[in-house]
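Right, one structure below, let's go through it.
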Amino acid sequence: MENYEAAHVFDVTGKTALITGGTKGLGRAMAACLLQNGCNVMLVSRNTGGTEDLVKLAAQNRCHCYLYACDVTDTASVIDMVHAADEKMGRIDILINAAGMNRPKMLEDMDDATWDEILGLDLRACFIVTREVARVMRKNKYGKIINISSMKSLLSVSDAGYTAYCAAKGAVNALTRQVACELAADGITANAIAPTFIKTAINARQLEDPVFYRSLTSRIPVGRIGEFKDLMGLLLLLASDASQFITGQVFLLDGGIAARQ
């Protein structure tokens, strides 16, 4: 008889994960979750400082936390990083593309350089890292690709300057679906998580505005913004063998916003 115990189905013990943007925000929180569940993790960021607590967390849970400084918008650096991850961890079971940014500018104020910078990190880097990691996963006939999208990939806003960000995250959704189709035969799944506001460095200034915060939460049926803990059940689903038949999906982590539209 198959073992359907939750501890078995959602088990990531001993698996290996590569997380871009893994030292801050959502990436850091997801790294902590995987480490707490015995998954070996490599954190990739331009700056890998301030991660002593995650290294300690790994030791407490008898797994490893590796650090790698890399500019994920640079193809040569990404190739070296993925090779190092494969060599250090022995394989790459899970890829989480969490690196992202926004520089709020309305359409008429959006200059070419800012547009290129945002799409360079939010979309192009996601593509480059996924392409290189897919080559490693295909050798092992196994992999879990998890892209961090946004509710703004589906529902836009009339202000706040998200022109480039919305475009990039919408493209991440399309990229996720196509990658899922291309890699499915090799035992690799690809899905995206599209959260509404969860407080990070990107949106902290907006959320500190009480008028904006009230207008935001009034549109969310559960009456609050998201918290890191709201993400972790879905993360463990998509990172574990529980999701072997789930691929090409964009999961809305939105407290019911889309249901109300």
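The values are calculated or read from the model by the stated rules, or taken from the named source; none is laboratory data. This one's a predicted model, so the numbers in the text were calculated from it and none came from an experiment. Cβ atoms come from the backbone with ideal geometry, glycine included; neighbour counts cover every protein chain shown. Each accessible area value is taken on the protein alone, full model and side chains, heavy atoms only, with ligands, DNA and RNA left out. Shrake-Rupley method; radii C 1.70, N 1.55, O 1.52, S 1.80 Å.
Please state the shape class of segment 83-144: rounded when a/c is under 1.5, otherwise prolate if a/b exceeds b/c and oblate if not, all from the C-alpha gyration tensor. Cα axes put segment 83-144 in the prolate bin.
A Förster radius of 35 Å combined with the Cβ-Cβ distance from His64 to Arg124 puts the calculated FRET efficiency at roughly 0.75. Each peptide in 139-150, 64-75 receives the mean, over its residues, of other Cβ atoms within 10 Å, and ordering these scores from highest gives 139-150, 64-75. Counting 0.36 nm for each residue step from Phe245 to Met101 and taking away their Cα separation leaves a gain of 48.7 nm.
Which one of Ile118, Asn191, Ala167 is farthest out on the positive end of the charge dipole of segment 118-211, using unit charges on Cβ (Lys, Arg +1; Asp, Glu -1) and the Cα centre as origin? Farthest towards the positive pole: Asn191.
Mind giving me the nanometre distance, one decimal, between the label points for Arg205 and Asn47, set 7 Å out from Cα along Cα→Cβ? In this crude label model, Arg205 to Asn47 measures out at 1.7 nm.
In a simple Cβ point-charge model (Lys, Arg +1; Asp, Glu -1; nothing else charged), the chain has a dipole of about 400 debye relative to its Cα centre. With the charge dipole of the chain set up from +1 on Lys and Arg Cβ and -1 on Asp and Glu Cβ about the Cα centre, the Cα lying farthest toward the positive end among the listed residues Pro221, Thr23, Thr51 is that of Pro221.
Annotated for segment 61-220: lysine pairs at least 8 residues apart or interchain, Cα distance under 29 Å, count 14. The DSSP beta bridges internal to segment 1-158 are antiparallel in roughly 0% of cases. Measuring with a 1.4 angstrom probe and ignoring ligands and nucleic acids, Ser215 comes out at about 50 Å² accessible.
Charge dipole of segment 126-261 (Cα centre as origin; +1 on each Lys and Arg Cβ, -1 on each Asp and Glu Cβ, all else neutral): 140 debye, rounded to the nearest 20. A full extension of the chain between Glu5 and Asp71 corresponds to an added length of 19.7 nm, given 0.36 nm per residue minus the alpha carbon distance. For a modelled paramagnetic label at Arg135, 7 Å from Cα along Cα-to-Cβ, the residues of segment 1-33 in reach, with backbone nitrogen under 20 Å, are 17-20.
Given a Förster radius of 45 Å and the C-beta distance between Met110 and Thr217 as r, what FRET efficiency does 1/(1 + (r/R0)^6) yield to the nearest 0.05? After rounding to 0.05, the efficiency reads 0.95. Rounded, prolate or oblate: which fits segment 14-95, taking a ≥ b ≥ c as square roots of the Cα gyration tensor eigenvalues, rounded meaning a/c under 1.5, else prolate when a/b beats b/c? It comes out oblate by the Cα gyration axes.
Taking the longest Cα principal axis of the chain as reference, the axis of helix 125-140 is set at about 20 degrees. Dividing the summed -39500 (n - 2.57) terms of all DSSP H runs of n ≥ 4 by the residue count of the chain sets its mean residue ellipticity at 222 nm at -13000 deg cm²/dmol.
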